[in-house]
Amino acid sequence: MGELPNDGSGPPRGVRRAEPESSNDGSGSPRGVRRAEPEASKQRLRDAIVDAARAQAIAAGWDGVRMGGVAQAAGVSRQTVYNEFGSKAGLAEALARREVDRFVGEVRAALAAHGPDVRAAAYAAIRHTLAAAADNPLVKAILTSARGGSDELLPYLTTRSGLVLAESSAALLEWAGRYLPEGDPAALAFAADTIVRLVVSHIVLPQSPVDDTADQLADLALHLFHTAATRPAG
């Protein structure tokens with residue numbers, strides 16, 4: 001049987017068609033996936049170390065945290081902790097940064113869980129904040145800029161108090177803007193800032209049980225946000 005002529009649609013006879021370059025390195029996984037795996041593993045390692053440091057800081061204060069104890073709790077060597085964070089100060093920095101992210105994320109989740117129900121959303125976010133500050137000295141230090149004492153972690157936490165308050169106000173304002181879109185932006189911003197500041201004042205000087213305080217502040221939030229929502233922008 002004769003050879004089929006080349007019609008110009010393929011490679012010349014006798015020349016093998018080039019195979020597309022594979023992104024697989026022979027391990028069974030694409031190169032991009034394999035590159036991501038070490039990064040994910042490294043992040044899990046860092047998270048485990050910070051989790052261990054967080055638990056010890058809450059239980060005994062940062063002064064009582066030892067790198068060896070953190071390593072043991074995380075299931076790694078002491079040298080690994082130093083390799084990842086450089087020093088106890090580096091670990092404190094990572095813990096403070098993640099504590100802020102964790103707290104603001106929880107506030108956003110509490111608001112989002114109740115959608116357009118202003119009072120329910122405000123109550124959930126306020127109660128969560130009050131309870132977190134009561135149960136977690138790290139959160140209380142961040143929110144109140146608490147200073148004094150010998151705890152070495154405080155400077156890392158208190159320098160972020162302005163940031164976390166601003167981000168909490170922003171989370172509240174973002175939620176209000178989504179569900180009260182006709183409101184006056186300036187009035188909504190004032191309402192969000194006022195609620196955050198009042199919550200912090202009750203953390204600094206608590207006078208009632210958490211549930212009662214959250215209930216009263218939620219009523220105030222409802223009033224402030226509804227007033228802002230019915231005020232024409234301008």
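The values are calculated or read from the model by the stated rules, or taken from the named source; none is laboratory data. Small disclaimer: the values here were computed from a predicted structure and weren't measured. We place every Cβ from the backbone using ideal geometry, glycine too, and count neighbours over all the protein chains shown.
In the range 52-91, the qualifying residues are those that are among the β-branched types (Val, Ile, Thr) and within 29 Å of ALA134 (Cβ to Cβ), and the one that is surrounded by the fewest Cβ atoms within 10 Å (Cβ to Cβ) is ILE58. Scanning the range 184-218 for residues that are part of a helix (DSSP H, G or I), exposed (fewer than 13 other Cβ atoms within 10 Å of the Cβ) and over 26 Å from the mean Cα position of the chain (by Cα) gives ALA186, ASP212. Scanning the range 70-86 for residues that are part of a helix (DSSP H, G or I) and hydroxyl-bearing (Ser, Thr, Tyr) yields a total of 2.
Is it true that ALA113 is closer than 30 Å to ARG178 by Cα and loosely packed, with under 14 Cβ neighbours inside 10 Å? In short, yes.
Set side by side, the residues ALA94, ALA89, ALA124 differ, and just one is modelled with pLDDT of 95 or more and assigned to a helix (DSSP H, G or I), which is ALA124. Looking only at the range 171-180, decide whether some residue is farther than 30 Å from ASP63 by Cβ, in a loop (DSSP other than H, G, I, E, B) and either of a type in the set (Val, Ile, Thr) or modelled with pLDDT of 85 or more (or both). Yes: one or more hits. The combined condition, being within 20 Å of LEU217 (Cα to Cα), surrounded by 14 or more Cβ atoms within 10 Å (Cβ to Cβ), under 18 Å from the mean Cα position of the chain (by Cα) and modelled with pLDDT under 90, is not fulfilled by VAL100.
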